[in-house]
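**Q** Here it is, the structure in full.
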Amino acid sequence: MVVWMVLTVVLVSAHRGIPRQVWLMVHFVTLGIVSNAIVVWSNHFADAVLRSHRQGHRREVWQLVMLNSALTLLSVGVVGQWALPVWAGVIALVGMATTGIVGIARQARHSLPARFAQVVAWYQCASGCLIVGAVLGGLMAVPFGRWSDAILASHLAFNVLGWVGLTIWGTLCTLWPTMLRTKAPERVERAARAALPLMLIGVIVTGVSPLLHPVAPVWWRIVGALGVVAYLTGVLTQADPMLHAWRGKRATTFPVLSAGAGQIWLLGWLCWVLWRWMASPTPAVLVEHLRGTVPVLLVGFLLQVLLGALSYLVPVVLGGGPAMVRGTSRSFERGAVARWAVVNLCLALFMLPISSVWKVTTSLAAFIALSGFLVVGWQAWRVRTGARPAPEDAPRAHRMRRGLAWALVWVLLAASLAAVVDPVSFRSQFAGTRGTESGVAETGRTRTVDVVARNMTFTPDVITVDPGDRLVIRLTNGDEGMIHDLVMASGATSGRLSPGESANVDLGVVGQTTDGWCSVAGHRQMGMTLQVQTSGASAGQPSSSAHDGHAGADPGAVTPSLDLTKEYSSGWKPRDAALAPASTQKVHKATLRVTDAVMEVAPGVKQTMWTFNGSAPGPVLRGRIGDVFEITLVNDGGMGHGIDFHAGALAPDKPMRTIAPGESLVYRFTAKRAGIWMYHCSTMPMTQHIANGMYGAVVIDPPDLPTVDKEYLLVQGEQYYGADADGAPGVADMGKIMAEKPDSVVFNGFPAQYDKSPLTARVGERVRFWVLDAGPNRAWAFHIVGTQFDSVWFEGGWRLRNGTTPGVAGATSGGSQTLGMLASQGGFVETSFPEVGHYALVNHQMVDAERGAHGIVQVR
């Protein structure tokens, strides 16, 4: 358990670039930390209530081995997207849960009657829920189409409410009075017996209900809500005597504060889930909302209850006599109130619709407070070993005042950090960013509207309010891998929101129609617009005329222009067009790291390019038929990106999905057919992502490819220069892209670079030119002035080979002057140069040659 705690701290501290880090964080906590604690302490409590000391020790060891093996296998399988380790982990989890059910049943048959013996029934029911939840988790590794979100919702219900929830509440019926240092009243035992069937029925009904959606689109919500009500009723049944016991003691130790706060968070979360369950039209919408409450479950409920229980139990386990137990317990009380208050206050702030910078600072403060448990645990161990004296016990009132004061300091520091990092968002968080003066009488009403940004749309995308009303838009980013925002023509903005984040946009008093849009590059042009309308005759004219249309650059920006007579800067280097031969290896592993880079893309023109491994186009990959390519995509950019390899043939759902900044995925395919294949970013709008540099080539050699003296590779792309109003290098202008008006057409990323740094060959050498048109829009008529092609291979086959047309009887002396390609097509040509000179290679659609699709082969 401690190992998983440390791994979780490391993962949270350095999560950027780690594949599937969100899944790892969640499961390191739920399976690594919490489930290890559940196995250890459920066996301990089973021994205690059944009066069979240490009979469960061997069972506990086997369960721990299977649990940790399962989590390791699942992590490997999920990160690598391999089904076999995932199902091996599922089998291990099922074996662990089954061992617990059978072992406790055998132990109960030979035990003596005792109070709270029904606790073991809670553990057995919880293990049964884990079996169902684990199998459902395994099924999530298989594409199930419209069933996938239902399976995920069911998986969450059985694992969170069942495996974790039943175990915790079953344990608290005996542990809570012990933490209060009071005798458990009989009503606690009666409440536990009454609560178990209610909560178990609630888990089953809630877990099954999402699976009913495909066949009962309305009734699944009603059934699920009834299940949540049953579970909540069971929780309240057991919580009542526990609250009564606390009232009698008024204990304020860390175990009581932490575990008590965890129960309160769970009660609040269940009420929220009941509301959302009834309001969600599909399991997909429900899951989208549940994702946003993961911090409540992990931090508010699970970790707080666990750390509270451990703070009480660990000193008992360390032992050393009553005096030593009191000393180590006081070590766990160091900074207890401050740690508890910081966690709960920051979590409450985090769940509000605040800006992303606030979420970062509050989560950082809470993370430091939670990590304090490892520090005080180490101090308690040193007290136990005699390495340091036990701390003195401070008066309760003094501890409370000092702890709350330190918590306030932590929150103020978090606010100060937010103000320094992002002062605009900080000010708007408190003052709000109001619209322009409306010129209408205020009604005094405030209307709040929930808007979800997902799949390149705002839902709803039209909001109608009465003139004079104040409007607050609560924006939630419902996409899985893309960043969105909302910018209104009045200047009000949400700031950039990562998946699952929310923020308020306060438009102030609305008196006229106003427009809004997502300002992430290309999203507005893809339809991410929103309009606020006013009802009645007082409605004014749209306030956003200055922002209308589909211009990609800011209206105040000056777009750079192309001048091929200029020279590149002294630090610029041309891209080497020479193509290395395919290696002999059968498995090709590579990492493509997405970064945002300011580059000189033309003489005197700088743009912010989205690159693979720092270059645009990305690196060239080469292999043979039958080779396996294992590509790890790491998103270190500032927005969502994905990847699509034309050289592979597989369902796009998972490997081509958009991943958020800091995430990664593994794309594995086998090259089954020869060709020069394009790869590119798979995120919408693809036109802009490709135009901004996110493309490259994969060469798969034909089996009968002859040896030549030299090979070159040229990839044609297009550039659409954009600029920011502050003069900073812009990204590809979406308005120009939609109008198909490129500023330059380039070979290998730079216009006319091979005019300034020519390719070379010798007279009589046989030279092969691999060519690929990456687009996104323009065709390519590849031609070399002064020579002819005697061999042409295009889109999977020979068109001409040594002057002979394959499949045509009789020798010919034919040749080819041009290889024509549409966007994403490619092939190669071969030629020998007859004499010394400079041979121009061009796109014979001459307008594009004059835009930069031009180069020189210098023959000696």
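**Q** If the requirement is being charged (D, E, K, R) and modelled with pLDDT of 95 or more, which of these qualifies: 709, 653? Give the steps one after another, and end with the answer.
**A** Working: 653 fails: modelled with pLDDT of 95 or more.
Result of the check over 709, 653: 709.
**Q** Can I ask one more? Say we look at region 481-518 and pick out the residues that are under 26 Å from the mean Cα position of the chain (by Cα), of a type in the set (A, V, I, L, M) and at pLDDT 80 or above; which of these is nearest to residue 352 (Cα to Cα)?
**A** 503
Matching residues to (1) at pLDDT 80 or above; (2) touching a Gly at 6+ places or on another chain (Cβ under 9 Å); (3) crowded, with 23+ Cβ neighbours inside 10 Å:
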position: 252; (1), (2), (3): no, no, no
position: 271; (1), (2), (3): yes, no, no
position: 294; (1), (2), (3): yes, yes, no
position: 313; (1), (2), (3): yes, no, no
position: 331; (1), (2), (3): yes, yes, yes
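**Q** Can you pull out every residue in region 148-199 that is of a type in the set (D, E, K, R) and either assigned to a helix (DSSP H, G or I) or touching a Phe, Trp or Tyr at 6+ places or on another chain (Cβ under 8 Å) (or both)? Steps first, please.
**A** As a first pass, look at region 148-199 and keep what is of a type in the set (D, E, K, R): 149, 181, 183, 186-187, 189-190, 193.
Correct list: 149, 186, 187, 189, 190, 193.
**Q** So, one more: Being in the same structural domain as residue 766 (by TED's automatic domain parsing), modelled with pLDDT of 95 or more and buried (at least 21 other Cβ atoms within 10 Å of the Cβ): is that true of residue 829 here?
**A** yes
Table: residues versus (1) more than 21 Å from residue 589 (Cβ to Cβ); (2) surrounded by 24 or more Cβ atoms within 10 Å (Cβ to Cβ); (3) basic (Lys, Arg).
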site	(1), (2), (3)
664	no, no, no
685	yes, no, no
690	yes, yes, no
696	no, yes, no
701	no, no, no
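**Q** Any chance region 230-237 includes a residue that's in contact with a Phe, Trp or Tyr (Cβ under 9 Å, 6 or more places away or on another chain) and either in a helix (DSSP H, G or I) or in the same structural domain as residue 95 (by TED's automatic domain parsing) (or both)?
**A** Yes: region 230-237 contains one or more residues that are in contact with a Phe, Trp or Tyr (Cβ under 9 Å, 6 or more places away or on another chain) and either in a helix (DSSP H, G or I) or in the same structural domain as residue 95 (by TED's automatic domain parsing) (or both).
**Q** Report whether or not residue 750 is buried (at least 23 other Cβ atoms within 10 Å of the Cβ) and more than 41 Å from the chain's Cα centre (by Cα).
**A** Values: buried (at least 23 other Cβ atoms within 10 Å of the Cβ): yes; more than 41 Å from the chain's Cα centre (by Cα): no.
Answer is no for this residue.
**Q** Separate question: Does residue 522 meet the test of being modelled with pLDDT under 90, over 30 Å from residue 712 (Cα atoms) and buried (at least 20 other Cβ atoms within 10 Å of the Cβ)?
**A** Yes.
**Q** Still on this model: Please determine, by comparing only the residues of region 802-813 that are on the phi < 0 side of the Ramachandran plot and surrounded by 14 or more Cβ atoms within 10 Å (Cβ to Cβ), which one is modelled with the lowest pLDDT.
**A** Residue satisfying both the conditions and the ranking: 805.
**Q** Hey, another quick one. I'd like to check something: does region 230-248 contain any residue that is surrounded by fewer than 19 Cβ atoms within 10 Å (Cβ to Cβ), within 29 Å of residue 149 (Cα to Cα) and modelled with pLDDT of 80 or more?
**A** Yes, region 230-248 contains a residue that is surrounded by fewer than 19 Cβ atoms within 10 Å (Cβ to Cβ), within 29 Å of residue 149 (Cα to Cα) and modelled with pLDDT of 80 or more.
**Q** Which condition number does residue 349 fail, the rest of (1) surrounded by fewer than 20 Cβ atoms within 10 Å (Cβ to Cβ); (2) more than 25 Å from residue 3 (Cα to Cα); (3) in the same structural domain as residue 32 (by TED's automatic domain parsing) being met?
**A** Tallying (1) surrounded by fewer than 20 Cβ atoms within 10 Å (Cβ to Cβ); (2) more than 25 Å from residue 3 (Cα to Cα); (3) in the same structural domain as residue 32 (by TED's automatic domain parsing), residue 349 fails exactly one: (3).
**Q** Moving on to the next point. Output the qualifying pairs, or none if there are none: Cβ atoms under 6 angstrom, residues six or more apart or on different chains, first residue in region 643-660 and within 18 Å of residue 690 (Cα to Cα), second residue assigned to a strand (DSSP E or B) and charged (D, E, K, R).
**A** From residues that are within 18 Å of residue 690 (Cα to Cα), the pairs are 656/644.
**Q** Right, residue 619: surrounded by 16 or more Cβ atoms within 10 Å (Cβ to Cβ), closer than 24 Å to residue 855 by Cα and either under 32 Å from the mean Cα position of the chain (by Cα) or touching a residue at least 24 places away in the same chain (Cβ under 8 Å) (or both) or not?
**A** So residue 619 does not fit the description; no.
**Q** Considering region 441-456 alone, what residues qualify as being out of contact with any Gly (no Cβ under 6 Å at 6 or more places or on another chain), of a type outside the set (Gly, Ala, Ser) and either in a strand (DSSP E or B) or more than 30 Å from residue 655 (Cβ to Cβ) (or both)? Even if it seems obvious, please write down each step before you answer.
**A** Taking region 441-456 first, the residues out of contact with any Gly (no Cβ under 6 Å at 6 or more places or on another chain) are 444-451, 453, 455.
Among the residues that remain, those that are also of a type outside the set (Gly, Ala, Ser) are: 445-451, 455.
Across region 441-456, the qualifying residues are 445, 446, 447, 448, 449, 450, 451.
**Q** Sticking with this one: Name the strands (runs of 3 or more DSSP E) wholly within region 758-801 that hold at least 3 residues that are crowded, with 18+ Cβ neighbours inside 10 Å?
**A** Strands (runs of 3 or more DSSP E) meeting the threshold: 766-775, 780-784, 791-794.
**Q** Still on this structure, I have one more. Only one of these conditions is not met by residue 845: (1) modelled with pLDDT under 95; (2) crowded, with 21+ Cβ neighbours inside 10 Å. Which number is it?
**A** The number of the failed condition is (2).
**Q** With 156, 180, 161 as the choices, which residue is over 36 Å from the mean Cα position of the chain (by Cα) and in contact (Cβ under 8 Å) with a residue 24 or more places away in the chain?
**A** Details: 156 fails: over 36 Å from the mean Cα position of the chain (by Cα); 161 fails: over 36 Å from the mean Cα position of the chain (by Cα).
None of the others qualify; the one that does is 180.
**Q** To continue, here is another question. Does residue 602 satisfy the condition of being at pLDDT 90 or above and over 30 Å from residue 662 (Cβ atoms)?
**A** The answer is yes for residue 602.
**Q** Quick check: anything in region 181-190 in the same structural domain as residue 257 (by TED's automatic domain parsing), buried (at least 19 other Cβ atoms within 10 Å of the Cβ) and modelled with pLDDT of 80 or more?
**A** Checking region 181-190: not a single residue is in the same structural domain as residue 257 (by TED's automatic domain parsing), buried (at least 19 other Cβ atoms within 10 Å of the Cβ) and modelled with pLDDT of 80 or more.
**Q** Which condition from (1) in a helix (DSSP H, G or I); (2) at pLDDT 80 or above is the one that residue 389 breaks?
**A** With (1) in a helix (DSSP H, G or I); (2) at pLDDT 80 or above applied to residue 389, the lone miss is (1).
**Q** Would you mind stating whether residue 215 is within 31 Å of the chain's Cα centre (by Cα), in contact (Cβ under 8 Å) with a residue 12 or more places away in the chain and assigned by TED's automatic domain parsing to the domain that holds residue 252?
**A** So residue 215 does not fit the description; no.
**Q** Return the residues of region 66-89 that are at pLDDT 80 or above and over 19 Å from residue 8 (Cα atoms); say none if nothing qualifies.
**A** Within region 66-89, 66, 82, 83, 84, 85, 86, 87, 88, 89 meet the criteria.
The values are calculated or read from the model by the stated rules, or taken from the named source; none is laboratory data. The structure presented is a predicted model; accordingly, all values stated were derived computationally and were not measured. Here the Cβ is made from the backbone with ideal geometry for all residues, glycine too, and neighbour counts use every protein chain on show.
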